[in-house]
Structures are given as structure tokens and as C-alpha cells.
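J.: Input: one structure, supplied below.
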Amino acid sequence: MGGAHGVCYGVLGNNLPSRSEVVQLYKSKGISAMRIYYPDQEALAALRGSGIAVIVDVGDRGAVANLANNPSAAADWVRNNVQAYWSDVLIRYIAVGNELGPGDMGLILPAMQNVYNALVSAGLSNNIKVSTAVKMDVITDSFPPSHGVFRPDLQRFMVPIAQFLANTMSPLLVNVYPYFAYRDNPRDIPLNYATFQPGTTVRDNDSGLTYTNLFNAMVDAVYAALEKAGTPSVRIVVSESGWPSAGGFAANVENARNHNQGVIDNVKNGTPKRPGQLETYVFAMFNENQKPGDEIERHFGLFNPDKTPVYPITFPPN
């Protein structure tokens, strides 16, 4: 069935290995799940028979808008990108949008509904779940974690999305980055707490729960928001979490390795609020030399383009 330890496979580089080499690298390292950011036909073909579970993103804002406005486009999308591979590719989730901003969030639910209806028609809605990937900024008041709540200006989007997820027994995909929280507030957040190192314990006096790392506190703040939205049954899948190894503040190999190994090791434990397995996707497989933005954006990889590790990292057997 594929496992709970995933890595995001981005392709914004001009020196990356072939799709089939990448799938072999996942298998050789014991990485049991993958996220791809658009329905990459070469990658999906390379995944045939691999046993690797996959999150398939529908693509950019334009792709989401097309699916939102056009049920037949959703049926075509499912036929071309799911039914064409379903027999031997373990597609687990379809991500309808990645970190869409407030101006585009109204597209998410109609697009999710159209994709879901297409999966129902194809007889695949029990096997493949439809969700969307959100940033942490969809919530506010995240400290202590029990105070987490969906942002007032986004509740009209996030509450119906959460209700849809509850009704279809689908998870919410959340991109969780202690790195950015630490970078933006190093005065109040200790580095060891952000990188899964011992030495800091934070108690949530309202819940009575104790936290030893920022990652779990962030995830539990989203769980608190889901409860306040009336959807406590919705589980979280961490669809991205990573730490850059170069290029900016606190971006070095030691911090990146500590954080990412901590994220991987945390999968089996879950969070104080929701103990048990927490399916998690590390961002990202490779340093991508054509990724736009700050220099750090090109240094999130676990591996160099020549497939050598940027630093040692271990995935446990599933």
C-alpha cells in the first residue's frame, strides 16, 4: 500500500536525473511516497509497478480554475491522469491547488467537487481522495496550539472545504515549515525547538499537552482549527516540510539534517494531540537550480542533481 514517508519531487532544474532514475532512487533509499506538482506523464509512467504512493497535484491556478468551471474538464483530467495509470500506479491523493492565495481560494471547493464527482463516476472515489494543500497562514492564533483557528477572512472558504473533506473522508494537506517560523521570529523561537533537538519544552496550559518541537505544535494548531470548524474527523497529511541547507539565515547542512531527520522520525509518533502515524512529505528530493525566489529556494533538496546526498538522511523501513 505504500508508506507514510514521502518526499516531494520538484523538477525546476536543468540538470536533474530522468524520471525513471528518480523512481529508482526513491526505491533504493526506502522512500515510500512521492508528491508531484502537476500530472507529469513521464513520472506517472515511471511509477508504474513501483509500489510508491503518490500525491498528484492538478497544477497551477489556471488548472484549478479550469476544473472549477468545467465538470467535463474534470472528467477528462481524471480519465487522462488517473484512470490511465490507476491499474499499476498507487495514486493516493489529488491536490487541487497548492498554497492558493485568498483571491483564488473560491476556486478550490468547486474544483474539488468536480474532480470528486469524476472519481465517483469512474468508481475510484473510495480509493483516491481529493484535497487541497494549504499554507500555515490559513490559521491564526497558533500559540498555544489549542488556540488555532481558521483566519476570519478565510473562514468562508476553509470551513466549507473542511466540511467537504469530512464528508468524503479525505485529509487536509498542510505545508508545515518550522524554518520560516524560526527565520521570522528567532528571538522567541529557539533553534533547537525548530529543528527537533532536545532542550526546549513548551506546555499548552489550555490543553495540558507538552511540546518538544515546533513542527508538532504547528500541526496541532491546524487540528485545533479543524475542530473549531466542526470537522474533528479530518486528519492532516503534511504535504511539505523542509529546511534549506544553504543560501540564507540558519540555512546550513546541520540544521537541515536535524530538521528533516526529525520530521521523518516523527512520522511514527504523530503529535501530542493526535498520536499515531502522521503521513509526511519532506520538501524536496533535489536542489532545483531553476526554482524562482530567494536563494534558499534552490537549496531544499535531500539530494544533489547527481543523486549524491546533500547530507546523510535515513528513511526507516515501512
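The values are calculated or read from the model by the stated rules, or taken from the named source; none is laboratory data. Keep in mind that this is a model prediction, so the values were computed, not measured. No Cβ is skipped: glycine too gets one built from the backbone with ideal geometry, and neighbour counts run over all protein chains shown. Heavy atoms of the whole protein, side chains included, go into the accessibility calculation; ligands, DNA and RNA do not. Shrake-Rupley method; radii C 1.70, N 1.55, O 1.52, S 1.80 Å.
J.: Over the Cα atoms of region 1-58, what is the Rg over Rh ratio if Rh follows Kirkwood?
T.: 0.92
J.: Ignoring ligands, DNA and RNA, how do Asp104, Asp265 rank by accessible area with a 1.4 Å probe, largest first?
T.: If we order Asp104, Asp265 from most to least accessible, we get Asp265, Asp104.
J.: Over the Cα atoms of region 162-318, what Rg and Dmax result, in angstrom?
T.: 16.1, 49
J.: How about region 244-274: which trypsin sites (Lys or Arg not before Pro) there are in a DSSP loop, with at most 15 other Cβ atoms within 10 Å of their Cβ?
T.: Hits after loop and neighbour filter: Lys268.
J.: Now for a separate question. Have a look at the DSSP beta bridges in the chain and tell me what percent are antiparallel, nearest 5.
T.: Percent antiparallel among DSSP bridges in the chain is about 15.
J.: Long-range amide H contacts for Thr132: which residues qualify at under 5 Å (H placed 1.01 Å from N, peptide plane, sequence gap of 5 or more or a different chain)?
T.: Val96, Leu173
J.: Strictly greater than 21 Å: what percent of every Cα pair in region 124-192 meets that?
T.: Beyond 21 Å sits 38 percent of the P(r) for region 124-192.
J.: Could you compute how fast region 5-303 diffuses translationally, taking Rh as the Kirkwood radius over C-alpha pairs and applying Stokes-Einstein at 10 °C with viscosity 1.306 mPa s? Give it in µm² per second.
T.: Rounded, D is 81 µm²/s.
J.: Follow-up question, since we're still on this one. Just the Cα atoms of region 1-146, one point each, no solvent: what log10 I(q)/I(0) does Debye give at q = 0.12 Å⁻¹?
T.: -0.52
J.: Sticking with this structure for a sec: Go through region 244-318 and name the chymotrypsin sites (Phe, Trp or Tyr not before Pro) that are in a DSSP coil and have 16 or fewer other Cβ atoms within 10 Å of their Cβ.
T.: Phe249
J.: Right, here's the next one. Rounded to whole Hz and in sequence order, give me ³J(HN,Hα) for region 136-152 from the Karplus expression 6.51 cos²θ - 1.76 cosθ + 1.60, θ = phi - 60°, writing x for Gly and Pro.
T.: Each residue of region 136-152 in turn: 5, 6, 6, 10, 9, 6, 7, 10, x, x, 5, 8, x, 8, 4, 3, x Hz.
J.: Any idea how many Lys pairs in the chain come in under 21 angstrom at the alpha carbon, given 8 or more places apart or on separate chains?
T.: Taking the chain as the scope, the lysine pair count is 9.
J.: Figure the gain on full extension for Glu254 and Asp306 (residue separation times 0.36 nm, minus the Cα-Cα span) and round it to one decimal in nm.
T.: Roughly 16.6 nm would be gained on extension.
J.: A further question follows. If you wrap a convex hull around the alpha carbons of region 78-183, what volume per residue comes out, as a whole number of Å³?
T.: 121 Å³
J.: OK, next. Would you mind telling me the antiparallel percentage of the DSSP bridges in region 1-95, rounded to 5? Intermediate results must be reported in sequence, preceding the final value.
T.: On the way: 0 of 13 bridges.
That works out to approximately 0 percent antiparallel.
J.: How do 194-200, 161-167 rank on mean C-beta neighbours within 10 Å, highest first?
T.: Per-residue Cβ counts within 10 Å, averaged per peptide and sorted highest first, yield 161-167, 194-200.
J.: Would you tell me the accessible area of Val96, worked out with a 1.4 angstrom probe on the heavy atoms of the protein chains, in Å² to the nearest 10?
T.: 0 Å²
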